[in-house]
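Worksheet: the structure to be examined is printed underneath.
The values are calculated or read from the model by the stated rules, or taken from the named source; none is laboratory data. A quick note: this is a predicted structure, and the numbers were derived from the prediction, not measured. So basically every Cβ, Gly included, is an ideal-geometry build from the backbone, and we count neighbours across all protein chains shown. Side chains included, ligands, DNA and RNA excluded: accessible areas come from the protein's heavy atoms. Shrake-Rupley method; radii C 1.70, N 1.55, O 1.52, S 1.80 Å.
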Number of protein chains: 2
Amino acid sequence: MSRRAAVRLIDVAEHAGVSLATASRVLSSAGAYRGRGEARERVLASAAELGYEPNLHARALAGSQSSTIALVVHDIRDAYFALIAGAVVAAAEQHGMLVTIVSTYRDPQQEARYLALLRAQRPRAIILAGSGFTNRSAADPIREELQRYEGTGGVVVTLGRQDAGHSIIVGNQEGARSLAHAMVDLGHREFAVVTGPAKLMTVRDRLKGFRRGLEECGIDLDPAAVIHGAATRESGGTVAAQLAEAKHRPTCVFGSFDVVAVGLVAGFQRLGIAVPGEISVAGFGDVPVASDITPSLTTVRLPLEQVGQQAVELALSPDPAVRRSVAFEGVVMLRDSTAAPPA
Amino acid sequence: MSRRAAVRLIDVAEHAGVSLATASRVLSSAGAYRGRGEARERVLASAAELGYEPNLHARALAGSQSSTIALVVHDIRDAYFALIAGAVVAAAEQHGMLVTIVSTYRDPQQEARYLALLRAQRPRAIILAGSGFTNRSAADPIREELQRYEGTGGVVVTLGRQDAGHSIIVGNQEGARSLAHAMVDLGHREFAVVTGPAKLMTVRDRLKGFRRGLEECGIDLDPAAVIHGAATRESGGTVAAQLAEAKHRPTCVFGSFDVVAVGLVAGFQRLGIAVPGEISVAGFGDVPVASDITPSLTTVRLPLEQVGQQAVELALSPDPAVRRSVAFEGVVMLRDSTAAPPA
DNA sequence: GAAGCGCTCGAAAGCGCTTTCAATACAGTA
DNA sequence: TACTGTATTGAAAGCGCTTTCGAGCGCTTC
């Protein structure tokens, strides 16, 4: 294990018989530089021969231009975020950038701490996916972190929140609204919503959209019919049991995360309640498991692939000073977990 | 958006009235340094007041000690890798390290390219998860990359391959072997294996383990009964159709990735073949979807959480020169997709 | 009281690169 | 041929930090 030092730019320069500056210009292909042919070729050849690899730290330090993008998610193990991460990683690599992923496990304190840690890495941009605590007070630590980061020249891209940097609207509200219409079209009038922590923007947006959709159909969503739990499968199962025992059972339950809906379906089935025969269940996200369960889950498909790609585009957009905002729409995927209500 | 420069260490030093060196020592808490009390306190106070944040690039450059760990996976969108990534990210952050994730989408060329890109970032360690093309020839580009990286002082941790750096055995062989025994115990004698590309180590190991398990029970696995497809749900569906039409249908099918098994189950059900009534299906991995489908999937649970944690431990282990190897075992999760063969 | 030890602390030398700045080369024009 | 304008090149100054090296200090030890 000879800890032989890595090849440096100066080694390449000497080997090619040019100055350090020239070698740098050739290899970092700075703008319009083409070299007089001769020198350029020699540098390229030497670099290849010696197996030169730039040191990104040195590059970042000298050029104050980092080549990493930071992605902050709630939980990378969650399919929803994994899908976004996949798209971000793929898009970033197209631009020769690396992605640093941080998983906050839905803890706002953590999130702020991580953001601080991340800033130390001086990433070109921070993409905040699925962050979005609805703390609109002036003292929101996350917003403060973000603003500070922007202040030092960083780019911020947020998904589902719009109080900092570029923002991407992932279609939470619109999607939920469409879903509400679809459920009413199926004949449902009695609803329950099972969702996550009220402090998450995502939760609020989906709920708001669903409620608005119902209102447009002349249906009021009883606040008591909105159940806030965790955004997990287990939570769905627990709530299913509660709903099963309720005196007045809804005909359609909207689990505002696919995993929750999956838990609901499993829960009802365990209790011998037929889905969709006796009760319809819809989810949100169209994560792979949605099509895998039986009955397959009616849900709202979010274009996560494009969202991730777009996030990288915005992250790398040349003029960060002008805030941009891009909206996507969710599309309702009618599958087997919903049907007309029992007669 | 005033692009005000970030606070530097020298700003802190001046504000505290100490030298740059002292400030550095206090803030990077280098070993046994405690300061004479006085100086230390002042530096800490100044840093807090000015909101100092170290520049990791400068740190890495000067100290030649990076604070990122690189994680290479096949596909971060895949639950298996997402689970590993979650554990790695969590464990890394405990050590104040950031994780750079690269997704190679199962392309060996890509993988080698990414490894090169990664090396430019000079991560403290590279964790290669689910890499493992079985190219044992001298010209394996990935092994070459890894060895080169080790040569320059980097640490390598591999999951499921053992030709470089520290290695973690995730239990592919042992797990598959146990599963084979469990299936034979259930009464099965006729098997088929549906698996991924033969060039993946994971595929080979699981197959080898399964075959060995059967042999130990006196059963030979017909090479014709091993079907190599993609490690996807769709592939499972396709193969289910093929198996359904075969003249001699096995009583138990082992899908060596959970997703494949999920596809198999869905495929058989679509064709009206009862699982497990007419045919048993088992998977490997125990990814969340395994418990979500109906019938729930018999599979082998890999301790991915611990694997990820251990990978980080090894990555950060003080003496990289001595190669270490840690083995985990998979445990068979008998669920509803398997039963005794039809009489 | 001199020598020795174990600290803290400051000056300064880099880490490997990008990027001015000034110098030189070359082409094009008169 | 001389003269300007443009492209290419090299020297050198950092980017923000860690880390030797050595000076200085307060002790104990003989």
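Structure above, values below:
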{"quantity": "Interface burial for A against B (accessible surface, 1.4 Å probe, total of both chains, Å², rounded to 100)", "calculated": "5100 Å²"}
{"quantity": "At R0 = 60 Å, FRET efficiency that the Cβ-Cβ distance of B:ARG323 and B:ALA343 yields, to 0.05", "calculated": "0.70"}
{"quantity": "Average accessible surface area per residue within chain A, 1.4 Å rolling probe, Å²", "calculated": "41 Å²"}
{"quantity": "Nm distances between copies for B:ILE273, ranked from closest, using label points 7 Å along Cα→Cβ", "calculated": "3.5"}
{"quantity": "Most mobile listed residue (B:ALA321, B:ALA79, B:ALA62) in chain B, GNM with C-alpha springs under 10 Å", "calculated": "B:ALA62"}
{"quantity": "Convex hull per residue volume in Å³, alpha carbons only, for region A:249-305", "calculated": "65 Å³"}
{"quantity": "Volume per residue of the C-alpha convex hull in region A:172-302, rounded to whole Å³", "calculated": "89 Å³"}
{"quantity": "Calculated P(r) tail over 36 Å for the protein assembly as shown, as whole % of Cα pairs", "calculated": "47 percent"}
{"quantity": "Label distances, nm, A:ALA48 versus same residue in remaining copies, Cβ-directed 7 Å point", "calculated": "5.7"}
{"quantity": "Along each principal axis, Cα extent of chain A, largest first, Å", "calculated": "86, 42, 37"}
{"quantity": "Those lysines that a straight Cα-Cα span of less than 27 Å connects to B:LYS199, excepting residues fewer than 8 apart in one chain", "calculated": "B:LYS208"}
{"quantity": "Within region B:257-343, trypsin sites (Lys or Arg not before Pro) in DSSP loop having at most 15 other beta-carbon neighbours inside 10 Å", "calculated": "B:ARG323, B:ARG324"}
{"quantity": "Averaged over A:115-121, number of beta-carbon atoms from partner chains that fall within 10 Å", "calculated": "5"}
{"quantity": "Burial order of peptide ranges B:284-297, A:110-123 (average beta-carbon count within 10 Å, highest first)", "calculated": "B:284-297, A:110-123"}
{"quantity": "Measure of compaction for region A:138-210 (Cα Rg per 2.2 N^0.38 Å)", "calculated": "1.45"}
{"quantity": "Region A:145-185: Rg to Rh, with Rh as the Kirkwood radius over Cα pairs", "calculated": "1.30"}
{"quantity": "Other-chain or far-sequence residues with amide H under 5 Å of B:SER280's (modelled H)", "calculated": "B:CYS252, B:VAL253"}
{"quantity": "Nm distances between copies for B:GLY153, ranked from closest, using label points 7 Å along Cα→Cβ", "calculated": "2.7"}
{"quantity": "Alpha-carbon centroids, region A:221-282 and region B:90-111: separation in whole Å", "calculated": "37 Å"}
{"quantity": "Partner chain coverage, peptide A:83-93 - average Cβ within 10 angstrom", "calculated": "5"}
{"quantity": "Net dipole in debye of the protein assembly as shown [+1 Lys, Arg Cβ; -1 Asp, Glu Cβ; about Cα centre; nearest 20]", "calculated": "1740 debye"}
{"quantity": "Cubic angstrom per residue, convex hull over Cα atoms of region A:19-111", "calculated": "131 Å³"}
